[in-house]
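Everything on this sheet refers to the single structure shown next.
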Amino acid sequence: MPENNSYQPETLAVRAGSVHSQFHEHSEALFLTSSFTFDSAEQAAKRFIGEEPGNIYSRFTNPTVSMFEERLAALEGAEQCVATASGMSAILSACMGLLKAGDHIVASQSLFGSTVNLFNNVLKKFGVDTTFVSATDVAQWQAAVRPETRLFFLETPSNPLTEISDIPAIAAVARKCGALLAVDNCFCTPILQQPLELGADIVIHSATKYLDGQGRVLGGAVLGSKKNMEGVYGFLRTAGPTMSAFNAWVFLKGMETLKLRMDAHSANALQLARWLEQQPNVARVFYPGLPSHPQHALAMRQQKTGGGVVSFEVKGGKEVAWRVIDNARLLSITANLGDTKSTLTHPASTTHARISPEARAAAGISDGLLRIAVGLEAVVDIQADLAHGL
Ligand SMILES: *Cc1c(COP(=O)(O)O)cnc(C)c1O
């Protein structure tokens, strides 16, 4: 692709990062090779000490993975992207690269379950403490800061209640106290939200979700300035939770339709959310694209659309919620999201089952809550499927 920073996202999604080999293939090639050869002993020596750029070994760099990294970096407007084996290894690698024993994290309490586990049970063993605060109350972020605070971590919209964190406001607090702000941008993707532009320092992705978009492979990424990525890449190169070339190739192809898919997921989700609001058995709908969402205005400022995830609370608690799930013939009963196929989850008994009923209630996750990651089926078919149980 010619150097041009003004290309639109749909153009970058299709063309950014493409590198062609001596065979002039049109579609990006899959380089399934663990290592690379050198022309001479001298060239090998120069590559190993970094005097000459080039591939050495696929744990360090791989051409297909590099194409994925370039494409995602272009979409997020980041100086550098490092690809990882999964979303969780992206979060681990970011923390290992940016933090040391004694450092402190301030994190949103509305985070992906494994992220909470990673902070509480893994990083804590290595002397990194985390304080969890409200996703939406900026004053709590400020109040939780300690002299040793180095990282703020959030995800917006949150799962499953679609709470919106104010990225510019929280970034301002982070900057004032010398901490970096990392945003897990999995739900929006760069098509709907660009955290770096809004003031964040680091972007995290579970590429497993919308970047693939078709539920096939796991992967992740960390993005930011070259300076901030240095330690993250160093950790990955040494410790090894890197992205496989095969998965990078799947993501490259998936990303080519990212703009089309995010627009379609969003349009379907909005239409479904409006319909759910009209259903007599539905007590409440959580979707940032609805004017009834408490942070609708903020969501519309920092996101292009409300995204593809809708949650709703049925009247009648767990019994009715499970009835809706068990009567669905089309929707998939699975906790995954970001797929062309719509998925239906009961958070209280699955993704949030391990936390105490009191903590669940405090987090607003009631027994009647259902989450739909809206896919690309016709909305009338999704509605009909939900209507069986409602
Ligand atoms: C799925 C998910 C992750 C973890 O990603 P994996 O690819 O499953 O490791 C992290 N954050 C969010 C918001 C997710 O939805």
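The values are calculated or read from the model by the stated rules, or taken from the named source; none is laboratory data. Owing to the predicted nature of the structure, the values given are computational and were not obtained by experimental measurement. Positions of Cβ are backbone-derived with ideal geometry, glycine not excepted, and every protein chain shown enters the neighbour counts. These accessible areas exclude ligands, DNA and RNA; they are computed on the full protein's heavy atoms, side chains included. Shrake-Rupley method; radii C 1.70, N 1.55, O 1.52, S 1.80 Å.
Ranking Met96, Met243 from most to least accessible surface, computed with a 1.4 Å probe over the protein chains only, gives Met96, Met243. For Lys253, the lysines whose Cα falls under 24 Å of its own Cα, not counting residues fewer than eight places away in the same chain, are Lys209, Lys304, Lys341.
Using a probe of 1.4 angstrom and keeping all protein chains present, the accessible surface of region 258-389 works out to 45 square angstrom per residue.
With Cβ to Cβ distances under 11 Å as the rule, what net charge do the other residues near Glu256 carry (K, R +1; D, E -1)? The answer is +3.
Once backbone amide H atoms are built at 1.01 Å from N, Gln80 has Gly224, Lys226 as its partners under 5 Å, excluding neighbours fewer than 5 places away on the same chain.
In units of the rule-of-thumb radius 2.2 N^0.38 Å, the chain shows an alpha carbon radius of gyration of 1.01. For region 99-114, list residues with backbone N below 11 Å from a point placed 7 Å from the Cα of Glu148 toward its Cβ? Taking a point 7 Å out along Cα→Cβ of Glu148, the residues of region 99-114 whose backbone N falls under 11 Å are 100-105. Among beta bridges identified by DSSP and lying wholly in the chain, the antiparallel ones come to about 55 percent.
Assuming a ≥ b ≥ c are the square roots of the Cα gyration tensor eigenvalues, decide whether region 283-390 counts as rounded (a/c under 1.5), prolate (otherwise, with a/b larger than b/c) or oblate. Oblate, because a/c is 1.5 or more while a/b does not exceed b/c. Spin-label model, Lys318/Ser27: points 7 Å from Cα along the beta carbon direction are separated by 4.7 nm. Of the accessible area of the chain, computed with a 1.4 Å probe over protein heavy atoms only, carbon and sulfur atoms account for 54 percent.
Per residue, region 9-255 exposes an accessible area of 41 Å² to a 1.4 Å probe, with every protein chain left in place. Using a ≥ b ≥ c from the Cα gyration tensor of region 76-163 (square roots of the eigenvalues), is it rounded, prolate or oblate, where a/c under 1.5 gives rounded and otherwise the larger of a/b and b/c decides, a/b for prolate? It comes out rounded by the Cα gyration axes.
At 222 nm, what helix-only mean residue ellipticity would the chain give, in deg cm²/dmol to the nearest 500, using -39500 (n - 2.57) for each DSSP H run of four or more? List each step's numbers first, then the result.
Values: 15 runs with 146 residues, N = 390.
Estimated from H runs of four or more residues: -11000 deg cm²/dmol.
Annotation: extensible slack from Ala297 through Thr334 equals 10.2 nm (criterion: 0.36 nm per residue apart, minus Cα-Cα distance).
Of the trypsin sites (Lys or Arg not before Pro) found in region 76-166, those in coil by DSSP whose Cβ has at most 13 other Cβ atoms within 10 Å are Lys100.
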